[in-house]
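J.: Take a look at this one; I'll ask things after.
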Amino acid sequence: MASKLLVDIHTHVYLPRYAALLRSRSAVPFIRSSATHDGKLDERLLILDHEPSGGRPVGPQYWDREEKLKFMDKHGIDVSVVSTANPWLDFLPASQAHTLAAELNEDLEEYCSTSPNVQDVPIRRLYGFGLLPLVPEITTASLLDTVKQVSKLPHLRGLIMGTRGVGKGLDDMALDPIWAAIEAAGLVVFIHPHYGVDAKAWGDMDNGHVLPLALGFPFETTIATTRLILSGVLDRFPSLRLLLAHSGGTLPQLSSRLASCIDHDPVVASRLKHDARYYLGKLYVDAVAYGPEELGFVSDVIARSGRYEAGTSDFKAANRSLGSQRMLFGTDHPFFPPLSSTEKWKSVVENSEAIDAVQGWSQADKDGVRGGNAISLFNLAE
Ligand code: URA
Ligand code: ZN
């Protein structure tokens, strides 16, 4: 039954063409290859500006489709909506970014379209988010051309985007024609972090990847999405479907404070059509938060948005069920692999168990978060 499927909407790949580019480079982002003392190939991924501890070990699970399917089988994941991992094309000159975006979108379409079907259901096991050449100096025509390309590739149902836009962030008015085209094409935009915040904030102690990933990533998403909201993107493009990584970062926790700061600021107060909390209910978020209390809280905040719908007296009570309908299971595979050999990945099991344990979510809500919401959002049953 399609409504019972487990769908992973936050799962990444470095397609072979992209991995080859990273191997050809010697500055971040790159893959450094060396031989171990027993003659094996040791590959490390260095993608962050202040990459701690010599990079992260990488292997076939980062690029090989068979490994993705094996991982899905091991964790009972029926369908994955796969995206290229960070930092996408951000570091390339415009012409190369445009060409590579087109090639990688075709590669990902092939990766998905030749995947098997879910047993007894006319849905493939793999769908994808395409890439746009979002780099400084790119022309609007090139971006629109790529939106058109992705909208015509049948297994690509959205676009993954970092937070820089074409160099000035997601509140850049130059992106308006792109938002319009994405909205018209019905593609879902997955907003995903890469840069974190200023590394000086992390101090001198060696904390590995903990601070950039646990805090820097969600703070980046919070700032980028808040700027997008403040610039009125969701007023101008009310049907745009944005999906935020890592359960929206810290935006749910800070949305009433944001609303209050707006109310007290003459520069912004008159610019937006709605109370800031209204926009939270326009977003979709992944359920990659690792804890049931966090998921429950985020669903409350999303549901509360109904209270701030302008022009209606329909004061929907905060209702976790309603909020759950905008939340979607994810794993962040192939990142966060177990440090020692285990049958299942802890990062996956935790996210799955968290959904099961949310107080106030019915079985139907949990099934929705596990996969039903993704089937609707990405039209997977078509
Ligand atoms: N680390 C990354 O660099 N990207 C992710 O998506 C997750 C962890
Ligand atoms: Zn991710």
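The values are calculated or read from the model by the stated rules, or taken from the named source; none is laboratory data. Keep in mind the model is a prediction, meaning the values are calculated, not measured. Every residue, glycine as well, gets a Cβ built from its backbone with ideal geometry; the counts of neighbours run over all protein chains shown. Keep in mind that these areas ignore ligands, DNA and RNA; they rest on the heavy atoms of the full protein, side chains included. Shrake-Rupley method; radii C 1.70, N 1.55, O 1.52, S 1.80 Å.
J.: Among the residues of segment 100-122, are any of a type in the set (Val, Ile, Thr), in a helix (DSSP H, G or I) and out of contact with any Cys (no Cβ under 7 Å at 6 or more places or on another chain)?
T.: No: zero hits.
J.: So is residue 59 surrounded by fewer than 19 Cβ atoms within 10 Å (Cβ to Cβ), modelled with pLDDT under 95 and out of contact with any Cys (no Cβ under 6 Å at 6 or more places or on another chain) or not?
T.: no
J.: Test residue 197 against the stated conditions and say whether it is aliphatic (A, V, I, L, M) and either at positive phi or open to solvent by 30 Å² or more (accessible area, probe 1.4 Å) (or both).
T.: It is true that residue 197 is aliphatic (A, V, I, L, M) and either at positive phi or open to solvent by 30 Å² or more (accessible area, probe 1.4 Å) (or both).
J.: Here's another thing I want to ask about it. Is there any pair with a first residue in segment 236-259 that is over 18 Å from residue 219 (Cβ atoms) and a second that is within 16 Å of ligand 2 (Cβ to nearest atom) and modelled with pLDDT under 95 whose Cβ atoms are under 7 Å apart and which are 6 or more apart or on different chains, and what are they?
T.: As it stands, the answer is none, since no pair meets every condition given.
J.: Just the residues that are farther than 16 Å from residue 356 by Cβ and not in a strand (DSSP E or B), please, taken from segment 275-296.
T.: Result: 275, 276, 277, 278, 279, 280, 281, 282, 283.
J.: In segment 243-270, how many residues are part of a loop (DSSP other than H, G, I, E, B) and exposed (fewer than 13 other Cβ atoms within 10 Å of the Cβ)?
T.: 3
J.: Listed residues 182, 178; which is at pLDDT 95 or above, more than 24 Å from residue 288 (Cα to Cα) and either open to solvent by 40 Å² or more (accessible area, probe 1.4 Å) or touching a strand residue (DSSP E or B) at 6+ places or on another chain (Cβ under 9 Å) (or both)?
T.: 182
J.: So which residues in segment 90-131 are within 22 Å of residue 49 (Cβ to Cβ) and in contact with a strand residue (DSSP E or B) (Cβ under 6 Å, 6 or more places away or on another chain)?
T.: The answer is 131, and nothing else.
J.: Here is a further query. Picking from 84, 140, 99, which residue would you name as being polar (S, T, N, Q) and within 19 Å of the chain's Cα centre (by Cα)?
T.: The match here is 84.
J.: Among the residues of segment 328-348, write down those that are without any contact (Cβ under 8 Å) to a residue 40 or more places away in the chain and over 16 Å from the mean Cα position of the chain (by Cα).
T.: 338, 339, 340, 341, 342, 346
J.: Name every residue in segment 135-162 that is under 27 Å from residue 48 (Cα atoms), open to solvent by 20 Å² or more (accessible area, probe 1.4 Å) and among the hydrophobic types (A, V, I, L, M, F, W, C), in order of residue number.
T.: Across segment 135-162, the qualifying residue is only 138.
J.: Please enumerate the residues belonging to segment 75-134 that are at pLDDT below 95 and either within 16 Å of ligand 2 (Cβ to nearest atom) or charged (D, E, K, R) (or both).
T.: Across segment 75-134, the qualifying residue is only 120.
J.: Which residue pairs have Cβ atoms under 6 Å apart, sit 6 or more places apart or on different chains, and have a first residue in segment 49-65 that is at negative phi and a second that is open to solvent by less than 60 Å² (accessible area, probe 1.4 Å) and within 16 Å of ligand 2 (Cβ to nearest atom)?
T.: Listed pairs, sorted by first residue: 52/209; 56/45; 58/45; 61/334; 62/14; 62/334; 63/14.
J.: Also, I was wondering about something else. Within segment 1-61, which strands (runs of 3 or more DSSP E) (wholly inside it) include 3 or more residues that are touching an Asp or Glu at 6+ places or on another chain (Cβ under 7 Å)?
T.: Filter on segment 1-61 gives 7-13, 30-35.
J.: If you don't mind, another one. Which residues, counting only those in segment 290-310, are open to solvent by 30 Å² or more (accessible area, probe 1.4 Å) and of a type outside the set (Ser, Thr, Tyr)?
T.: Of everything in segment 290-310, those that are open to solvent by 30 Å² or more (accessible area, probe 1.4 Å) and of a type outside the set (Ser, Thr, Tyr) turn out to be 292, 293, 294, 297, 300, 304, 307, 309, 310.
Residue-by-condition table, conditions (1) within 16 Å of ligand 1 (Cβ to nearest atom); (2) in contact with a Phe, Trp or Tyr (Cβ under 7 Å, 6 or more places away or on another chain); (3) open to solvent by 60 Å² or more (accessible area, probe 1.4 Å):
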{"position": "6", "(1), (2), (3)": "no, yes, no"}
{"position": "14", "(1), (2), (3)": "yes, yes, no"}
{"position": "29", "(1), (2), (3)": "yes, yes, no"}
{"position": "54", "(1), (2), (3)": "yes, no, no"}
{"position": "69", "(1), (2), (3)": "no, no, no"}
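J.: Test of understanding: among 47, 9, 31, 77, which residue is under 30 Å from residue 203 (Cβ atoms) and under 18 Å from the mean Cα position of the chain (by Cα)?
T.: Being under 30 Å from residue 203 (Cβ atoms) and under 18 Å from the mean Cα position of the chain (by Cα) holds for just one of 47, 9, 31, 77, which is 47.
J.: For segment 163-175, give me each residue that is of a type in the set (Gly, Ala, Ser) and buried (at least 20 other Cβ atoms within 10 Å of the Cβ).
T.: Matches in segment 163-175: 165 only.
J.: Can you tell me which condition residue 204 does not meet? The list is (1) under 22 Å from residue 308 (Cβ atoms); (2) at pLDDT below 95, and all the others hold.
T.: That leaves (1) as the condition not met.
J.: Something else: Look through segment 220-232, keep the residues that are out of contact with any Leu (no Cβ under 7 Å at 6 or more places or on another chain) and among the β-branched types (Val, Ile, Thr), and return whichever of them is least open to solvent (accessible area, probe 1.4 Å).
T.: Across segment 220-232, the extreme among qualifying residues is 229.
J.: Can you name every residue in segment 338-359 that is outside any helix (DSSP H, G or I), open to solvent by 60 Å² or more (accessible area, probe 1.4 Å) and either at pLDDT below 95 or within 16 Å of residue 288 (Cα to Cα) (or both)?
T.: 339, 340, 341, 342, 343
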